[in-house]
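Notes to accompany the following structure.
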2 protein chains.
Amino acid sequence: MDSNADHFAAIEAGGTKFRVAVARGRDVIADTTIPTTSPDETIGAAIDFIRGVGPVRSVGIASFGPLDLDPSSSSYGSITATPKPYWSGTPLLSRVRDALGVPTKIDIDVGGAALGEWRWGAAVGLSSFVYLTVGTGIGGGVLIDDRVHHGLGHPEMGHIALERIEGDDYAGGCPFHGACLEGMAAGPEIESRWGLPAGELADRPEVWELEAIYLAQALRTYTYTLAPQRIVIGGGVMQQPGLLELVREKVTEQLGGYVTSETLLGDLSEYVVAPVFGQDAGLMGAIALAMDARSEGPR
Amino acid sequence: MDSNADHFAAIEAGGTKFRVAVARGRDVIADTTIPTTSPDETIGAAIDFIRGVGPVRSVGIASFGPLDLDPSSSSYGSITATPKPYWSGTPLLSRVRDALGVPTKIDIDVGGAALGEWRWGAAVGLSSFVYLTVGTGIGGGVLIDDRVHHGLGHPEMGHIALERIEGDDYAGGCPFHGACLEGMAAGPEIESRWGLPAGELADRPEVWELEAIYLAQALRTYTYTLAPQRIVIGGGVMQQPGLLELVREKVTEQLGGYVTSETLLGDLSEYVVAPVFGQDAGLMGAIALAMDARSEGPR
């Protein structure tokens, strides 16, 4: 066994930047950030960086989507139809695997983040939970029975239906669904709705009251649909002080006492929680994916 | 091995009646219906009926809820807090198991129905799907990776948030959530909204247009949350001619082309389907549960 048998490469492939790291175990020993330009340029730079650090045992990729995650598909591990120029059809998994010649595993960014929080973070030991990120978009990963759940494609948890709050006449900004969760509650919608960047609205309680109600509606819907043991909720919007606590209160109101577990009758401080890894959840997830790629052996 | 080694008892425990059957394999050879009165009387009659038919290998119970389905709980298999008089705290599983002395398995009614449709009906061979019933209430079961999914308690799929259709001023009849899916689209709400029993509204297209949109919103939410390979939708309301086809059309509109699988871009005739067992889905599910109890051995 060579000296780098416990070195893993991790790629968090985002729409604006790639974060690339090499870790010993789960500890990052080298990392870089690469702007997302063309697939050739960006993936090439990621591969060069990893090679420059030295041999790795395996690679994990947590990528923006949509991704083809059907193992029986000829385009498994490729980015499918995306509005992002140049990237539709990019075979991200096979490019990396073929260049580095080691086992490589890919998942959607939020699926990777869920895996990282489950292995080392806010969901250790649970058999089911939801990871939700509320930022420039809203997305989520679902872990059930020790696996990231995919099904037909993968979840797109930001695009569920919401009940409009009386008096709120904001049309909703989702190009596909108008007033879905993402269209009503993602960061850019807060700015569109109130006419100021979210950072300048920090001391306007009505802003966060409305935001908390919509997020709580979504958490109620996930609760009734998936019955998760916990919901981990992070992302840029959740950095607003007090918002997490307000969301918990609103979830209790939304459930209205109709629950199938006494856990949901308390203050929800163990049910609705912040991620441990914050903005590093995706990168930690990619490290976890790399470790899983190793244990599954080469393919 | 005695001559009844392939005989299984099945109990579909409903809020108004219990259906009880003995099956050879999956074929019912004797069955009865018992009104749901008190636990002693109704469960006692079910046990007497099964004993009267002869020895069985095991028993399956698909029951109304909420149920305690946490295997580590001291009240596992009991009905928890229900508004139904006399039934809160009834240890349904242990009463039946102790009386008959054979392995017994319990699940929520819709979970059992999902299992039956997965084993022999409309979802054979799938690794994930949703079973939804739209009748006097709305409920659903989720099957993931060959198992009925529970998590924290179990799903209550009728109580998700919906987006109110413009011009619809019906308040919604759910005592917990007002205008949730069940509060807007269950059978009794159709009658409350339009002032006539659903049976007398069959030729009023506006009734079914609205119903189809709300159901389609829910199916969109399940699609984005669970990414199931199929949604099986039945129940009394779905007997309205043409409603299933209309729901498919509305689901396509609701998704707005935003999908992670090409399966969702077609006419959805393989994605949104009727159950095979119709009103027998719960009883078939109880037979399937009995078979699983057998394979897991006595407990």
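Any read-out appearing in this document is the output of simple, stated calculations on the displayed coordinates, not a laboratory observation. Computed from a prediction, not measured in an experiment: that's the story for all the values here. Cβ atoms come from the backbone with ideal geometry, glycine included; neighbour counts cover every protein chain shown.
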Of all DSSP beta bridges in the protein assembly as shown, antiparallel share, percent nearest 5: 60
Apply the a/c threshold of 1.5 to the C-alpha gyration tensor of region A:40-93 and tell me whether it is rounded, prolate or oblate. oblate
Mean-square fluctuation check for chain B, GNM, Cα pairs under 10 Å: which of B:Val247, B:Val134, B:Val53 is largest? B:Val53
Three-way shape label, region A:223-289, alpha-carbon gyration tensor, a/c 1.5: oblate
Among A:Gly257, A:Gly60, A:Gly235, whose mean-square fluctuation peaks in a Gaussian network model of chain A (Cα, cutoff 10 Å)? A:Gly257
Quick one: among B:Gly151, B:Gly282, B:Gly14, which has the greatest mean-square fluctuation in a GNM of chain B with alpha-carbon springs under 10 angstrom? B:Gly151
Phi-derived 3J(HN,Hα) across region A:208-213 with the Karplus relation (6.51, -1.76, 1.60, θ = phi - 60°), rounded Hz, x for Gly and Pro, is 7, 4, 5, 4, 5, 5
Can you give me the long-range amide H partners of B:Phe18? Hydrogens built in the peptide plane at 1.01 Å from N, cutoff under 5 Å, separation of 5 or more residues or another chain. B:Ile34, B:Thr36
Return the long-range amide H neighbours of A:Glu163 (sequence gap of 5 or more, or a different chain), with a cut-off of under 5 Å between placed amide H atoms. B:Leu162
Across the identical copies, how the B:Val124 labels are spaced - nm, sorted shortest first, 7 Å along Cα→Cβ: 4.6
Counting C-alpha atoms alone, how compact is region A:93-142: give Rg to one decimal and Dmax as a whole number, in angstrom. 13.5, 36
When the Karplus curve 6.51 cos²θ - 1.76 cosθ + 1.60 is applied with θ = phi - 60°, which whole-Hz ³J(HN,Hα) does each residue of region A:104-120 get, with x for Gly and Pro? 9, 10, 10, 8, 5, 3, 6, x, x, 4, 4, 4, x, 5, 6, 6, 9
Amide H neighbours of A:Gly234 under 5 Å, counting only residues 5+ apart in sequence or on other chains, H built in-plane at 1.01 Å? A:Leu132, A:Thr133, A:Val134
Computed ³J(HN,Hα) along region A:254-271: with the Karplus parameters 6.51/-1.76/1.60, θ = phi - 60°, integer Hz and x for glycine or proline, the list is 5, 5, x, x, 8, 9, 10, 8, 5, 3, 8, 9, x, 8, 6, 5, 9, 9
